[in-house]
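> The following block contains the structure, expressed as structure tokens.
What follows is calculated from the coordinates using simple rules that are stated; it is not laboratory data. All of these numbers come straight from a predicted model, not from anything done at the bench. Reconstructed Cβ throughout: ideal geometry from the backbone, glycine too, with neighbour counts over all protein chains shown.
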Amino acid sequence: MSTADEYDCVVIGGGQAGLSAGYFLQRFGLEDRFVILDHAPASGGAWQFRWPTLTLAGANHVHDLPGWGLTEALGVECDAWPASSAVADYFGRYEERFALPVRRPVHVRAVRRDGPDHFTIAAVSADGPCTIRTRTVVNATGTWDRPFIPHVPGIDTFTGRQLHTHDYASPHDFDGERVLVVGAGISAVQLLIEIARSATDVTTFWCSRREPVFSDAPFSPEAGREAVARVERRVRAGLPPTSVVSVTGLRRTPAIAAAEADGILAWMPIFDEITPDGVRWRDGSRPDLPLDSIFWNTGFRSALDHLAPLRLRGPGGGITMTGRLATVVADEPRVQLLGYGPSASTIGANRAGREAARVVADLLASR
């Protein structure tokens, strides 16, 4: 990258949403007029950093990128493959097949307005600091780089270990420990089961702010659309997005049913404070719980710090979105957010990528 680079569109992020946007930008005739900036060291988006035991099947599969599916690209059914390596391989082949202009590693530090028609992007590449000008921005940075741990009284006093889903590597890291898994999403449940079944001499506990809801009914397309619609309504109103799982609940798979039968999924309500030795419920409803590790599976937040100079957030911390699929920032329509709100899924990322490319093409044509 050089300080003289100028484009009609810069896509920030080289994961599923970013590659989808790049594919459709080409289809809308914008070849050689856009670039994809990815801060990761290699292809694969956030998938390349997932824990080694997560398979494609365990990740509920990965929705195909547009124009070339995963099985077609890798030439074999690969449900049992580690998601981190399989997706990285797939994304890399996809970039090559469609000659997508991905530049990495490029770390975007700030996006600022530069007159009425341009933005200036301050970044750091392998060659050093660089400045890039662009007419439009498609942000697809996802959430992996912003793990969220809620503030709990006493959190800094705990003398044991605290880690997040972001940091998980192996169930055997908990051998011989008393570990509390915090969270009610699919990652919390999957990793709790994995640790309980695979670690040696481990004692597991589980709690969350809300008691999780398991459903025996298959996940219907109607339920999925309604879940996405609820999240979309929030971001259109300028409210911070919620996760789709918080709306739909969790499907009771055979592995979850077996874990319930074995007593692994013995849920407890969230504690009130953390002590040097563990956690405490102030009302005395439960005795203090001594622990070696607290494992936070409490989700992620959108990685948007580099957009702070644009002042997109409202008083409540949300960003008001508009457009057909709620990808367009209402107060700055030259900026689009993919993976924010309703497009925060592999299926949603593809649809949002096409819509983002269409919006960019329309904006450039109108100018």
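> Which residues does the label zone of E273 cover in segment 286-300, counting backbone N under 14 Å from a point 7 Å along Cα→Cβ?
Only 288-289 pass the distance filter.
> Given axes a ≥ b ≥ c from the Cα gyration tensor, I'd like to know whether segment 234-304 is rounded (a/c under 1.5), prolate (a/b larger than b/c) or oblate.
oblate
> Could you work out how far apart the two model spin labels at A126 and L364 are, taking each label as a point 7 Å from the Cα in the direction of the beta carbon, and quote it in nm?
For A126 paired with L364, the spin-label model returns 2.6 nm.
> How big is segment 13-169 in terms of Cα radius of gyration and Dmax, in angstroms?
18.2, 57
> Can you classify segment 174-282 as rounded, prolate or oblate using the Cα gyration tensor, where a ≥ b ≥ c are the square roots of its eigenvalues, rounded means a/c under 1.5, and otherwise it's prolate if a/b beats b/c and oblate if not?
Note, shape of segment 174-282 comes out oblate.
> If I stretch the segment between D32 and A257 completely, what's the gain in nm (0.36 nm per residue apart, minus their alpha carbon distance), one decimal?
Net length gain for the segment: 75.8 nm.
> Another question about this same structure. What order, most packed first, do the peptides 94-105, 293-304 have when packing is the mean number of other Cβ atoms within 10 Å of each residue?
293-304, 94-105
> Mean separation of Cα pairs under 8 Å and 6+ residues apart, divided by the residue count of the chain: what relative contact order is that in percent?
22 percent
> Okay, moving on. Among 23-34, 108-119, 326-337, what's the highest-first ranking by average C-beta atoms within 10 angstrom per residue?
Going from most to least packed, we get 326-337, 23-34, 108-119.
> Another question about this same structure. Would you compute, from DSSP H runs of 4+ residues alone, the mean residue ellipticity of the chain at 222 nm, taking -39500 (n - 2.57) per run and dividing by the full residue count, rounded to the nearest 500?
-8000 deg cm²/dmol
> If you don't mind, there's one more thing I want to ask. Can you tell me the alpha carbon radius of gyration of segment 1-106 divided by the globular rule-of-thumb value 2.2 N^0.38 Å?
1.10
> In percent, what relative contact order does segment 98-174 have, based on Cα pairs under 8 Å that are 6 or more apart in sequence?
17 percent
> If you don't mind, there's one more thing I want to ask. Considering only DSSP beta bridges with both partners in the chain, what is the antiparallel share in %, to the nearest 5?
In the chain, DSSP labels about 45 percent of beta bridges as antiparallel.
> More than 17 Å apart: what percent of Cα pairs in segment 279-320 qualify?
That fraction is 60 percent.
> Here's a follow-up. Hey, what did segment 12-72 get for relative contact order, percent, Cα under 8 Å, at least 6 apart?
Averaging sequence separation for qualifying contacts and normalising by length gives 42 percent for segment 12-72.
> Here's another thing I want to ask about it. Give the long-range amide H neighbours of D114: residues separated by 5 or more places, or on another chain, with amide H under 5 Å away, using H modelled in the peptide plane at 1.01 Å from N.
Under 5 Å from the amide H of D114: F119, T120.
> For R301, which sequence-distant residues (separation of 5 or more, or a different chain) have an amide H within less than 5 Å of its own amide H, given hydrogens modelled in the peptide plane?
R146, F148
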